[in-house]
Amino acid sequence: MHLSDGFGRTFRYLRLSVTEACNFRCSYCLPDGYRKCNRPQPLTQDELRRAATAFSELGLTKIRLTGGEPTIRKDFDAVAEAIGSLPSVKTLALTTNGYRLPDRAATWASAGISALNVSLDSLNRNTFRHITGHDRRDEVLRGIDAALEAGFNSIKINAVLMRGINDHELMDFLSLAKDRPLSVRFIELMETGDHAAFFQKHHLATDTIARRLERAGWTRKLKPLDAGPSIDYVHPDFDGSIGLIAPYSKDFCKSCNRLRFSSLGNLHLCLFGSFGLPMRRFLKADDQIEDLKDALTRAVRRKTEGHRLATGETGQTSNLSSIGG
Ligand code: SAM
């Protein structure tokens, strides 16, 4: 059984947010830090397991745990293990800011997480602190080394390059992929409801990065349309690769193969959609999983053809930590 929408897209990949809380204060996401006041409790471990069961039985066999910062959950290891051991989950992935990686990388790899994305927006200690509000660059770098040793199948470093903040570091970022089998991915800054002025000042178009890569001898790698939205580059002198995530490009939504489920139990058909469909009522007991599958199958038919970011419509997304970036 597969989940598909009215535009011929089939969904294989779920981004499951396990918390909206984050310990970092990234200037483009949560500059004042996460505020807990009066927010509902996130899904419990059992609710997350039921959601993951329903999606995976509907053909979404790759599940990425995200947030907020997923690893600040006290029961994160147990959540990862519970979801990783579901028979229909083929790939369990994690997106993290990396602060717990030095200690936990090996444990998470053995718990079944096979694909790891680490966000790292600067290699310069001061700039890292300026962007994230934390003096933790060294920890994250140590975490990446620990992850390489732990034997994940895939390691990606995600950086948001911003004009006037860290765009001069492009070549330094490339050097991470020189002798290591990892992919460095540049995510184009997206406009969110909270940060219109920041976006205007610091947005850097992916085309600009692509031109700089091509001038430095990187070539674009062809890949199947259903492989997801990143535009990948390779270079004969580098072990790793580069990916560009260009949400403003005209074909970005065509290859959309993902759905999002928030830590409050809402289905989000698009990161920049204007609504989340409440599903928590179907997560109270194991015998509701079939009802949840029916509700999801109906809901996905409502997915629109694409977002309207290019015209400045950011939907209801005030920042990405609330839905799971
Ligand atoms: N805390 C985890 C982390 O740091 O990776 C997971 C959540 S974070 C919201 C996921 C990704 O979204 C990060 O790589 C972050 O850089 C990216 N992100 C957040 N806001 C963004 C924005 N406005 N534009 C582009 N990327 C953004």
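Nothing in this text is a laboratory measurement; each read-out follows from the coordinates by a stated rule. Model, not experiment: these values are computed from the prediction. Reconstructed Cβ throughout: ideal geometry from the backbone, glycine too, with neighbour counts over all protein chains shown.
Here are the numbers for this structure:
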quantity	calculated
log10 of Debye I(q)/I(0), alpha-carbon scatterers only, for the range 157-227 at 0.21 Å⁻¹	-1.01
Pairwise FRET efficiency - D291 versus H130, Cβ, R0 = 35 Å, nearest 0.05	0.15
Relative exposure of H130, H268, H235, judged by other C-beta atoms within 10 Å (fewest first)	H130, H235, H268
Full-stretch length increase - K201, H168 - with 0.36 nm per residue and alpha-carbon distance subtracted	10.3 nm
The chain: Rg to Rh, with Rh as the Kirkwood radius over Cα pairs	0.94
Excluding exposed DSSP-loop GluC sites (Glu not before Pro) (at most 13 other C-beta within 10 Å), longest clean stretch of the chain	1-304
Helix axis angle, 101-110 relative to the chain longest principal axis, alpha carbon, degrees	50 degrees
Euclidean distance of C-alpha centroids, the range 102-141 and the range 252-293, integer Å	28 Å
Selected from K62, K74, K221 as most flexible by GNM, with the chain as the system and alpha-carbon contacts under 10 Å	K74
Cβ-Cβ FRET estimate between D46 and N153, R0 fixed at 25 Å, reported to 0.05	0.35
Antiparallel content of DSSP bridges confined to the range 1-100, in %, to 5	15 percent
Entries of K156/K178; K223/K250; K90/K254 with Cα pairs more than 21 Å apart	K90/K254
Solution diffusion estimate, µm²/s, Stokes-Einstein, the range 154-294, Kirkwood Rh from C-alpha pairs, 4 °C, viscosity 1.567 mPa s	74 µm²/s
Theoretical gain in end-to-end length, A115 to Y248 [0.36 nm per residue, Cα-Cα removed]	45.3 nm
Straight-distance crosslink candidates among aspartates and glutamates, where the alpha carbon sits under 13 Å from K284 and sequence neighbours closer than 8 are dropped	D46, E47
Cα pair count fraction exceeding 20 Å, expressed as % - the range 28-177	53 percent
Gain on full stretching of the segment that runs from K284 to R215 - 0.36 nm per residue minus C-alpha separation	19.4 nm
Distance between the range 1-60 and the range 175-243 - C-alpha centres, whole angstrom	24 Å
Diffusion constant of the range 217-260 at 10 °C, which comes from Stokes-Einstein with the Kirkwood Cα-pair radius and 1.306 mPa s, µm²/s	138 µm²/s
For A21, residues with placed amide H under 5 Å, excluding near neighbours	E69
